[in-house]
Amino acid sequence: MKPQRLIATLAACVCLTVPAAAQKSEKHKITIDGRPRTYLALPVAPGGEPAPLLLLLHGSGRDGASIFDPWQSLAKKERIVLVAPDAFNPAGWSFAADGPDFVRQIIDEVTAGGGVDKRRMYIFGHSAGGHHAIDLGLLESEYFAAVAVHAGVLADPGSILPRADRKIPVSMWNGLEDTIVPVSAARSTLNTLKTAGFPVLLTEIPRHTHDYYESAGWLNKDVWQALKGATLPADPKFKSYSIR
């Protein structure tokens, strides 16, 4: 083999053996309003194009890890920044403890080092986290680009809908055999949002119950397909609320 070809071959081998910087999950503690809080994050390595961010909100009786773990594989493949906080009360999310300002402080901490496309920040929630995701998306419709939920519905549209300054896209998935959040409730939310002019899509899943975790493998891929194309038309604007 000629020397020039040998050098080129060795260089190619060296390049192949250098791994790309892998995303690694991190657990963080932060004090917000005098309360110690925790969240999981999957940041991206420095460099490259700014990455989208996905806020994950867990269901009742669980924690951030329960919804964070099923997303990790896809997030690493698609280069998504994940953020999964624990609700202050595991039984459910509340605006007093887990409202927009709480979420923003966590996202500010995650994005402080750069690397995030702030026009492509999304929310996904399951069950109680899904209810909270829709509310947060409407309240902060110029901050988040889109919302997706599994078994999530609007609990109080009369007080939330008028606060939305932008018709934020909402994608919903609901099992036809869900006895906890029945599909009738999802259809009601669909009709409410559609009547108000929001771009909303409901996917009804045959032979599917309330169990997100059993279906997370294929469901997360569908969720990401629905979210990833949404982009804010301008830099994000955040509205602060005094919620007690």
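The values are calculated or read from the model by the stated rules, or taken from the named source; none is laboratory data. Nothing here was measured: the structure is a model prediction, and the numbers come from that model. Using ideal geometry, Cβ is built from the backbone for each residue, glycine included, and neighbour counts are taken over all protein chains shown.
Remarks
- Yes/no for Asp178 being over 16 Å from Ala133 (Cβ atoms), buried (at least 17 other Cβ atoms within 10 Å of the Cβ) and at pLDDT 95 or above: yes
- Test: Trp224 is closer than 29 Å to Asp117 by Cα and touching a residue at least 60 places away in the same chain (Cβ under 8 Å): yes
- Near pairs, Cβ below 6 angstrom, 6+ apart or cross-chain, from region 22-34 (part of a strand (DSSP E or B)) to any residue that is surrounded by 13 or more Cβ atoms within 10 Å (Cβ to Cβ) and among the hydroxyl-bearing types (Ser, Thr, Tyr): His28/Tyr39; Lys29/Thr38
- Residue match in region 140-147 (condition: at pLDDT 95 or above, among the hydroxyl-bearing types (Ser, Thr, Tyr) and out of contact with any helix residue (DSSP H, G or I) (no Cβ under 6 Å at 6 or more places or on another chain)): yes
- Where a residue in region 125-154 is in contact (Cβ under 8 Å) with a residue 60 or more places away in the chain and its partner, wherever it lies, is surrounded by fewer than 24 Cβ atoms within 10 Å (Cβ to Cβ) and polar (S, T, N, Q), with Cβ under 7 Å and at least six apart: Ser127/Ser60; Ala128/Ser60; Ala145/Thr231; Ala148/Ser171
- Number of the condition not met by Glu214 [criteria: (1) under 24 Å from Leu74 (Cα atoms); (2) surrounded by 13 or more Cβ atoms within 10 Å (Cβ to Cβ)]: (2)
- Being of a type in the set (Gly, Ala, Ser), touching a residue at least 60 places away in the same chain (Cβ under 8 Å) and surrounded by 21 or more Cβ atoms within 10 Å (Cβ to Cβ) is a description that does not apply to Ala186.
- Within region 57-68, being of a type outside the set (Ser, Thr, Tyr) and either surrounded by 16 or more Cβ atoms within 10 Å (Cβ to Cβ) or under 16 Å from His28 (Cβ atoms) (or both) holds for Leu57, His58, Gly59, Arg62, Asp63, Gly64, Ala65, Ile67, Phe68.
- Residues in region 73-128 that are over 14 Å from the mean Cα position of the chain (by Cα), surrounded by fewer than 16 Cβ atoms within 10 Å (Cβ to Cβ) and either part of a strand (DSSP E or B) or among the acidic types (Asp, Glu) (or both): Asn89, Asp108, Glu109.
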